[in-house]
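Here is the structure we will look at.
Each reported figure results from applying straightforward, stated rules to the coordinates on display, with no laboratory input. Since this is a predicted model, take the numbers as computed values, not measurements. Neighbour counts run over all protein chains shown; Cβ positions are idealised from the backbone, glycine included.
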Amino acid sequence: MSDVFFSTDLLGEFDRLHRQMAGVFAGFPASLRAMRSDTFPPVNIGSTDDSVEIVAFAPGLDPAAIDVSIDKGLLTISGDRKPPEPGMREETRVYAQERFQGAFERVIELPQHADHDKVNARYVNGCLTISVGRSEALKPRAITVQ
């Protein structure tokens, strides 16, 4: 007789195991660049031959209330997200709230080839797009073989 018990709900067991493992490793990123899933604002980071491109998804913010700064190779995006206009009746009891509100700060390490003097930021349709130019001396270039 085996002491091993297999539930008929195998997917439920995997879900339970996933939640337990997530709880064990909740405060530890899986890698140096990993972030918690509820980090605000979520970002996409990429590069071109001329720049590093960062897109922060931050709908509902006033562009004047967003602070962007660079210091010692770190790009910091910070601000304060105000609560939305009341849309529910006063007697409504909220049992789930997924929209983040309050002060936030997101710090992104820039690559060494980023030129801190060539920065452009614009906010359109809830997306903050930041372009940081590359240093001319460190741009990729083709070498002709003689």
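The table that follows gives values for the structure above.
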quantity: Label point distance in nm, Q101-I45, each placed 7 Å from Cα along Cα→Cβ; calculated: 3.0 nm
quantity: Backbone N within the range 117-146 under 18 Å of label point (7 Å from F57 Cα along the Cβ vector); calculated: 123-130
quantity: Cα gyration tensor of the range 58-146 - equivalent ellipsoid semi-axes, whole Å, descending; calculated: 40, 13, 11
quantity: Semi-axes of the equivalent ellipsoid for the range 95-146, Cα gyration tensor, largest first, Å; calculated: 37, 12, 12
quantity: Whole-Hz couplings from phi, Karplus 6.51/-1.76/1.60, listed for the range 105-115; x for Gly and Pro; calculated: 8, 10, 10, 10, 7, 8, x, 4, 7, 6, 9
quantity: Least to most buried among V124, V132 (fewest other Cβ within 10 Å first); calculated: V124, V132
quantity: In order through the range 92-103: 3J(HN,Hα) via Karplus (6.51 cos²θ - 1.76 cosθ + 1.60), integer Hz, x for Gly, Pro; calculated: 6, 8, 7, 10, 8, 9, 9, 7, 6, 9, x, 6
quantity: Chymotrypsin sites (Phe, Trp or Tyr not before Pro) restricted to the range 37-146 and DSSP loop, no more than 14 other C-beta within 10 Å; calculated: Y95, F100
quantity: Sparse-neighbour loop sites [GluC sites (Glu not before Pro); the range 92-141; at most 14 other C-beta within 10 Å; DSSP]; calculated: E98
